[in-house]
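Asker: Just passing along the structure, written as structure tokens.
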Amino acid sequence: QVQLVESGGGLVQPGGSLRLSCAASRNIYRINTMAWYRQAPGKERELVADITSGGSTNYADSVKGRFSISRDTAKNRVYLQMNDLKPEETAVYYCNLRIGSSSTWGQGIQVTVSS
């Protein structure tokens, strides 16, 4: 079973930027979708962005124009560049890998947007 490990979270001021990274523990099947989700306290987990193995991307309306998802297939990594962060985006961010009906989650990483 592949494992996903997130990194790059932390504390940032409103308007600041962070870059999250997610590494898969081994080579993954070439047809897949990698995604970032987030879950704020007391709220449901929501999709932030995803990217297919073909490079097609999809973003939540709330992050369009500020966040950018990318992947390095050779390194089995996916990234989330987050700009102009807002306090309400404080959440645990999760990496996700989907292959067919199978879904694998990372352990999550905290992002706190606060002055």
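The values are calculated or read from the model by the stated rules, or taken from the named source; none is laboratory data. What you see is a predicted model, and the numbers here were worked out from it, not measured in a lab. All Cβ positions, glycine included, derive from the backbone under ideal geometry; neighbour counts span all protein chains shown. For accessibility, only protein heavy atoms count, side chains too; no ligands or nucleic acids. Shrake-Rupley method; radii C 1.70, N 1.55, O 1.52, S 1.80 Å.
Asker: Under unit Cβ charges (Lys, Arg +1; Asp, Glu -1), what dipole magnitude, rounded to 20 debye, does the chain have relative to its Cα centre?
Answerer: 340 debye
Asker: Can you give the convex hull volume per residue for the Cα atoms of the chain, as a whole number of Å³?
Answerer: On the way: hull volume 11.0 nm³, N = 115.
Per residue, the Cα convex hull of the chain comes to 95 Å³.
Asker: List the aspartates and glutamates whose alpha-carbon lies under 17 Å from that of LYS64, not counting same-chain residues fewer than 8 positions away?
Answerer: Reachable aspartates and glutamates: GLU46, ASP50, ASP84, GLU88, GLU89.
Asker: Set Lys and Arg Cβ to +1 and Asp and Glu Cβ to -1, take the dipole of the chain about its Cα centre, and tell me which of GLY108, TYR94, SER70 lies farthest positive.
Answerer: SER70
Asker: If you average 1/r over every pair of different alpha-carbon atoms in segment 1-51 and take one over that average, what Kirkwood value in Å do you get?
Answerer: 13.2 Å
Asker: Moving to a separate point now. Using a 1.4 Å probe, how large is the accessible area of ILE109, given in Å² and rounded to the nearest 10?
Answerer: Rounded to the nearest 10, the figure is 30 Å².
Asker: State which stretch of the chain is the longest one without any exposed trypsin sites (Lys or Arg not before Pro), exposure meaning a DSSP loop state and at most 11 other Cβ atoms within 10 Å.
Answerer: 65-115
Asker: Taking the Cβ-Cβ separation of SER56 and GLN107 as r and a Förster radius of 30 Å, what is the calculated FRET efficiency to the nearest 0.05? Mind dumping the intermediate values first?
Answerer: Values: r = 27 Å, r/R0 = 0.89.
So, using R0 = 30 Å, E works out to roughly 0.65.
Asker: Using the C-alpha gyration tensor of segment 53-115, what are the square roots of 5 times its eigenvalues, in whole angstrom, with the largest one first?
Answerer: In descending order the semi-axes read 23, 15, 11 Å.
Asker: Continuing with this model, one more query. Per residue, what accessible area does the chain have, given a 1.4 Å probe and all protein chains present, in Å²?
Answerer: Averaged over the residues of the chain, the accessible area is 54 Å².
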